[in-house]
Structures are given as structure tokens and as C-alpha cells.
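Visitor: This is the structure I want to talk about, given as C-alpha cells.
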Amino acid sequence: MTNWHLVERWALRLAGALVLAIGVGHAFLPTLGYPTSATDGMSRAAEDHFYFLGTYAIGTFLLAFAALSFIHSTRPSLAFSTAMAAVWIARLALEFAYPVDVQIFLLRHPHPPIAAMLAIIATAYTTASIAGLARRRVLAATNG
């Protein structure tokens, strides 16, 4: 096993653990995480769709990303790592375009910690992708 293989595996595990934590947190956001004023002015239908359904759907997607990250950490896939790097780089860009300015749990100004967490996740997936590419090149050089 090359050092690149270890870097790839641990980067995927780090990203997966952080994404798992965020995904679990989404299960509690609608009822405990947001202030009661978060839905002021929303119709019941809009609240059900955008507030509950949207939050729970995002949470399930995050849990799936975390599970796939752990699965791919045992048998890394360059395609998966690269796709996840792109997803999380895009999410980080969206955080700067639309910074979170609604209290979440105890965080009155959640944008800075969210942006930092997203940067770590994006970096971990990017690291896994670069390590996967390097691992492939090492394998090609030794086999070819």
C-alpha cells in the first residue's frame, strides 16, 4: 500500500465523519436548531415544503454522502472523490454567495463556522482526489 493510498483513505474518512455530523444535525434543525421566528410569514404549505421537507431531505443526502465516503475509504474511487470535491467546493461557494445569517442552535452568526467546516470538507475530498490520482500514477509507473 502506498502512502498516497493512506492519504486518500484518511481524507475520505475525515470528510465522511464531518458530513455525518452535519447530516445528523439536520434531523434536529427544524424543531430545535432554528429560532421559532424562522418560519414567520410562511404559509403552512411553504413551511412543510421548504422548512421541514427541505431540511430533512438535505439531511438524508448528507447521511448518504457520509456512508459512501466511509465505503469508498475502504476501496477508494477517484471518480467518487472528485465528484465529492466538486460538490463541496460548490457548496462552499454557495455559502459565500448566500451566507447563513439565521441562528442555528447556539450560533447567532453561523456563517464563519459553517464556511470553515465546508472548507475543511472540500479540502479533504480534494486531497482524496489528488491522492487517488497520484496513487494511480504510481501504480501505472510500477506496472507499466
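The values are calculated or read from the model by the stated rules, or taken from the named source; none is laboratory data. This structure is a prediction, so every number in the text was calculated from the model and none was measured. Here the Cβ is made from the backbone with ideal geometry for all residues, glycine too, and neighbour counts use every protein chain on show.
Visitor: Within the range 33-49, is even one residue within 15 Å of residue 13 (Cα to Cα) and among the β-branched types (Val, Ile, Thr)?
Guide: Taking every residue of the range 33-49 in turn, none turns out to be within 15 Å of residue 13 (Cα to Cα) and among the β-branched types (Val, Ile, Thr).
Visitor: Continuing with this model, one more query. Kindly indicate whether any position in the range 109-131 is outside any helix (DSSP H, G or I) and more than 22 Å from residue 4 (Cα to Cα).
Guide: There is at least one residue in the range 109-131 that is outside any helix (DSSP H, G or I) and more than 22 Å from residue 4 (Cα to Cα).
Visitor: Let me ask another. Can you tell me how many residues in the range 6-36 are of a type in the set (D, E, K, R) and more than 15 Å from the chain's Cα centre (by Cα)?
Guide: Of the residues in the range 6-36, 2 are of a type in the set (D, E, K, R) and more than 15 Å from the chain's Cα centre (by Cα).
Visitor: Okay, next question. Please verify whether residue 32 is more than 29 Å from residue 101 (Cα to Cα) and loosely packed, with under 15 Cβ neighbours inside 10 Å, treating the condition exactly as stated. Steps first, please.
Guide: Details: more than 29 Å from residue 101 (Cα to Cα): no; loosely packed, with under 15 Cβ neighbours inside 10 Å: yes.
Criteria not met by residue 32.
Visitor: Taking residue 17, is it in a helix (DSSP H, G or I), at pLDDT below 95 and not aromatic (Phe, Trp, Tyr)?
Guide: No, not satisfied.
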